[in-house]
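Okay, structure first, notes after.
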Amino acid sequence: MKRYGLDATDIRILSAVQQHGQLSKMRLAELANISPTPGWARLDRLKAAGFIRSFRAEIALDRIVDVTQVVVTVSLTHHRKADFERFETFVNAHDEITECLATGGGMDYVIKVVSPNLVTFQTLMQAMQEAELGVDRYMTYIATRTVKSAPPNLARLAATTGK
């Protein structure tokens, strides 16, 4: 896979932003081991080139509200482009579905749902069935706790890409 000419400094800048979000010019320089002005210019270049999609905060949801998290695997009956597009349109229209991965193998999708309770989750699943999306079957897994939730180690990934 092509790395688009990113050097070790670019990777350090991206890693710092990935870990800490928006940073001051001085803090970015400190974390990326580069002087402030060139570091800020590189950050602007990385943003303009589309390497940074957005800045987000990780919210301690459990401190705000009780939620039910469910992982759902979905298998579609048919595997035509239109079938995938119809299902993905449904997914993108529902905020309760916070993640969706298209997969190869036994299941077509793995989705993560965050809802206030199981009744609300079941309402979503009923809506999925009523939308006639061509769902052959789905399996639900109630998440009891989060063991790990972290972004990938960008520096380690970039280091292994060149080999």
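Some points to look at:
- The radius of gyration of the Cα set in the chain, together with its Dmax, comes out at 20.1, 57 angstrom.
- In terms of overall dimensions, the C-alpha atoms belonging to region 8-57 reach 24, 22, 17 Å along their principal axes, ordered largest to smallest.
- Separation of region 106-163 and region 21-75, taken as the distance between their Cα centroids, equals 21 angstrom.
- Using every pair of separate Cα atoms, the Kirkwood estimate puts the hydrodynamic radius of region 59-143 at 13.3 angstrom.
- For region 25-74, applying the loop criterion from DSSP together with a ceiling of 15 other beta carbons within 10 Å to the chymotrypsin sites (Phe, Trp or Tyr not before Pro) yields Phe51, Phe55.
- Sparse packing (at most 10 other Cβ atoms within 10 Å of the Cβ) combined with a DSSP loop state is found for the following GluC sites (Glu not before Pro) in region 55-93: Glu58.
- Degrees, to the nearest 10: 118-130 long Cα axis against longest axis of the chain: 70 degrees
- Cα lying deepest toward the dipole's positive end in the chain, options Gly39, Thr98, Leu124, charges on Cβ: Gly39
- Counting only alpha carbon atoms, the long axis of helix 8-20 and the longest principal axis of the chain meet at about 50°.
- In a DSSP loop and with at most 12 other Cβ atoms within 10 Å, the trypsin sites (Lys or Arg not before Pro) in region 1-110 are Lys2, Arg3, Arg53, Arg56, Arg80.
Just so you know, all these numbers are worked out from the coordinates, no wet-lab data involved. Predicted model, so just to flag it, every value in this text is computed and none were measured. Glycine also receives a Cβ, built like all others from the backbone with ideal geometry; neighbour counts cover every protein chain displayed.
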